[in-house]
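Worksheet: the structure to be examined is printed underneath.
Laboratory data are not the source of any read-out in this text; all were calculated from the coordinates shown. Since the model is a prediction, treat every value here as computed from it, not as a measurement. Positions of Cβ are generated from backbone atoms using ideal geometry, with glycine treated the same way; all protein chains shown enter the neighbour counts.
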Amino acid sequence: MRIILLIALLLLLSVPTQAQDYKTLLDIPEGGTLVDLSATERVEVEQDLLTATLRYETENSNPRALQNEINSHMKEALGIAQSVETVKTSTQGYNVYQYDPHRHKKSLPSKKIWRGSQGIQLKSKNADDLLDLVGRIQGTGLTMNGLNYSVSPELLEETRNNLLEAALKKLQIKAKRTARALGKTKTALLHVTVDSGGYSPTPMQGRAMAMSDMAKMAAPIAAPGQSNITLTVRANALLKP
């Protein structure tokens, strides 16, 4: 009972505070005008981070032999990848399961086969090092699962910071122009919000790469595309005489 009374008391006490805040926001000075404004900045930047994903997949009737095969190939691939300092390496999901290749063939007896796979992900801002490394790892038996360019977190953050400064300046200019159009002389931005969700990558383009040794596995090809990054700021602008 005491808990219920305490909750009710807290709710009653919170109402005046919320109401006062709400009234303060709308307490516009005499002759003032409150307008909602927004400004958007956008820029196209070249993608600087290349990510490759490779997997080793195999089948075997013996689950122990299958897992040993996966482990051996992944150990070799990981060792090669970790020898390149400019490339960040991480392993991906390890999956082993049993299936029956004759499950839809009633005329054939049931047959149990084990299938397994594991992946490795490579990331680097040095495309040449990564592409050469991918070719070497493909030569060990792993297959390409994905090769994509994107904007690195560092470049994305730096770009958004630059866009924020430009968008705020544009918002201030817009507030002053609006004030002049309404016969006001003073402006103040209230309750500024930032929307930094705009980021749309475009497909990467291919480029040719020469092979130094035709006996080796050919390195894949990739070239960076462009990404559109946008940032929007919104504010209540108080315009005063």
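When the convex hull of the C-alpha atoms of the range 122-183 is computed, what volume per residue in Å³ does it have?
Working: hull volume 5.4 nm³, N = 62.
Output value, Cα hull per residue: 88 Å³.
What length, rounded to one decimal in nm, is gained on full extension from ASN126 through to ARG64, with 0.36 nm per residue of separation minus their alpha-carbon distance? Walk me through the numbers on the way to the answer.
Details: separation 62, 0.36 × 62 = 22.32 nm, distance 3.81 nm.
Gain in length upon complete extension: 18.5 nm.
Look at where the Cα atoms of the range 22-95 and of the range 111-186 average out, and the two centres are 9 Å apart. Size of the range 50-150 from its Cα atoms: along the principal axes, largest to smallest, the extents are 54, 25, 20 Å.
The distance between label points at LYS240 and ASP36 comes to 2.4 nm (points 7 Å beyond Cα on the Cα→Cβ vector). Positive end of the dipole of the range 50-150 (Cβ unit charges, origin at the Cα centre): among SER61, SER150, HIS104, the Cα lying farthest that way belongs to HIS104. Potential lengthening of the chain between LEU190 and HIS104 amounts to 24.2 nm, from the contour at 0.36 nm per residue minus the alpha-carbon distance.
Peptides 174-180, 28-34 ranked from most to least packed by the mean count of surrounding Cβ atoms within 10 Å: 174-180, 28-34. Spacing of the modelled spin labels on GLN172 and ASN95, each 7 Å from Cα toward Cβ, amounts to 5.3 nm.
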